[in-house]
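The values are calculated or read from the model by the stated rules, or taken from the named source; none is laboratory data. Computed from a prediction, not measured in an experiment: that's the story for all the values here. Positions of Cβ are generated from backbone atoms using ideal geometry, with glycine treated the same way; all protein chains shown enter the neighbour counts. For the accessible areas, the whole protein counts, side chains as well, though only heavy atoms, and no ligand, DNA or RNA atoms are used. Shrake-Rupley method; radii C 1.70, N 1.55, O 1.52, S 1.80 Å.
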Amino acid sequence: MSNDAQVGSEGLTLPDRGMTATLGITDPLICDRGTTAITEVKAPSIAATSVPWYVPSKPPTGTHTGNKVRMRSNTLPAETKMEVSNLNLFYGESQALHSVSLRIPEHRVTALIGPSGCGKSTFLRTLNRMNDFIPTCRVDGYASLDGRDIYGDGIDPSVLRLRVGMVFQRPNPFPFSIYDNIAYGPRMHGVRKQSELNDIVELGLREAAVWDEFKDRLHDSALGLSGGQQQRLCIARALAVHPEVLLMDEATSALDPVSTAHIEDLILRLRDHLTIVVVTHNMLQAVRISQQTAFFLMGAMVESGSTDELFSAPQDPRTADYVAGHFG
């Protein structure tokens, strides 16, 4: 990670490095960390390209059972988008995650549930390396995107975050206009042509289902929006760089019920072309929006499987106690 990147309490700000590449609305950008060049890839997936944003690594073999993790992958017949195996995370000498293994299926919503402090958000941040900004943080184990080790040598974390976007718990719009909030990411990655920016802004707002709501006030300050509108704007901003995976860290916890319903409807629409991972304390929300659920407790993943099965017939008594409301 370049030392001139900055992170605030709510998100990441990348410096303008004078990039001149064109950011395609549907094309991922792949950057070779060893050069200053940016390559525009025309294929819809980089899995079959030779552009080395990654160093290929050997995927894990076998099934992890050391922490008695229960996984029922046969209930989710979907391609694997991301996979984590035997992942451990440390803050200094303190271990926050213990041998976590989880398969994240493509074009599905995966919900992470568990009591406060159990490691859900910490785990979520490992999926796009946001924990890199914590000096004492150390990660070992395997985490992949499309079968490529995201912690391998040669990975550019800023390019990874183009593919794996994130929406935070509290809305964090920039103190700009609605338009400039959406255009911020594309501009940072080299888009300068006004007509291209106009298309990207409209597409982002349409994907977030707020175009009709915002189209006549694009130059109004984003800070004047309601909390629910701000959060949907932040989702649109994340979508503007066309991620393949969207991470949502309790994205509705600070919103009213009506705004929450809007976000949930949006998640259900987006899953048709995005892989989504959400952290939620609201178990009914997990039932409403997710197809897979993973239960975390004290830094370990206790059980994962299809949402219907995990809530109706949990295999671990700790999961059963949690979903029944006996603790947490």
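Of note:
- Only listed residue being among the aliphatic types (A, V, I, L, M), open to solvent by 60 Å² or more (accessible area, probe 1.4 Å) and either more than 18 Å from GLN231 (Cα to Cα) or out of contact with any strand residue (DSSP E or B) (no Cβ under 7 Å at 6 or more places or on another chain) (or both), chosen from VAL302, VAL258: VAL258
- Residues of the stretch 156-174 satisfying the condition of being of a type outside the set (Val, Ile, Thr), in contact with a helix residue (DSSP H, G or I) (Cβ under 9 Å, 6 or more places away or on another chain) and not in a helix (DSSP H, G or I): GLY165, MET166, PHE168, GLN169, ARG170, PRO171, ASN172, PRO173, PHE174
- The residue list LEU284, LEU270 contains one member that is surrounded by fewer than 21 Cβ atoms within 10 Å (Cβ to Cβ) and either β-branched (Val, Ile, Thr) or under 21 Å from ILE182 (Cα atoms) (or both), which is LEU270.
- The condition of being charged (D, E, K, R), surrounded by fewer than 16 Cβ atoms within 10 Å (Cβ to Cβ) and touching a Ser or Thr at 6+ places or on another chain (Cβ under 7 Å) holds for ASP220.
- Residue that is nearest to LEU87 (Cα to Cα), among those in the stretch 287-296 that are surrounded by 22 or more Cβ atoms within 10 Å (Cβ to Cβ) and either among the aliphatic types (A, V, I, L, M) or modelled with pLDDT under 95 (or both): ALA294
- Selection count, the stretch 314-325, where residues are part of a helix (DSSP H, G or I) and either of a type in the set (Asp, Glu) or open to solvent by 70 Å² or more (accessible area, probe 1.4 Å) (or both): 3
- Of the residues making up the stretch 194-213, those that are over 19 Å from ILE276 (Cβ atoms) and touching a residue at least 40 places away in the same chain (Cβ under 8 Å) are GLU196, ASP199, ILE200.
- Just so you know, in the stretch 178-188 the residues that are open to solvent by 20 Å² or more (accessible area, probe 1.4 Å) and either of a type in the set (S, T, N, Q) or out of contact with any Lys or Arg (no Cβ under 8 Å at 6 or more places or on another chain) (or both) include one that is nearest to ASP256 (Cα to Cα), and it is ASP180.
Listed here are the residues, each with its yes/no results for (1) in contact with a Leu (Cβ under 9 Å, 6 or more places away or on another chain); (2) at pLDDT 95 or above; (3) among the aliphatic types (A, V, I, L, M).
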residue: VAL84; (1), (2), (3): yes, yes, yes
residue: ASN88; (1), (2), (3): yes, yes, no
residue: THR110; (1), (2), (3): yes, yes, no
residue: ASP153; (1), (2), (3): no, no, no
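- Among the candidates ALA254, ALA222, ALA294, the residue that is within 29 Å of PRO186 (Cα to Cα), touching a Phe, Trp or Tyr at 6+ places or on another chain (Cβ under 9 Å) and not acidic (Asp, Glu) is uniquely ALA222.
- Given (1) over 15 Å from VAL109 (Cβ atoms); (2) out of contact with any helix residue (DSSP H, G or I) (no Cβ under 7 Å at 6 or more places or on another chain); (3) modelled with pLDDT under 95, number of the condition GLY328 does not satisfy: (2)
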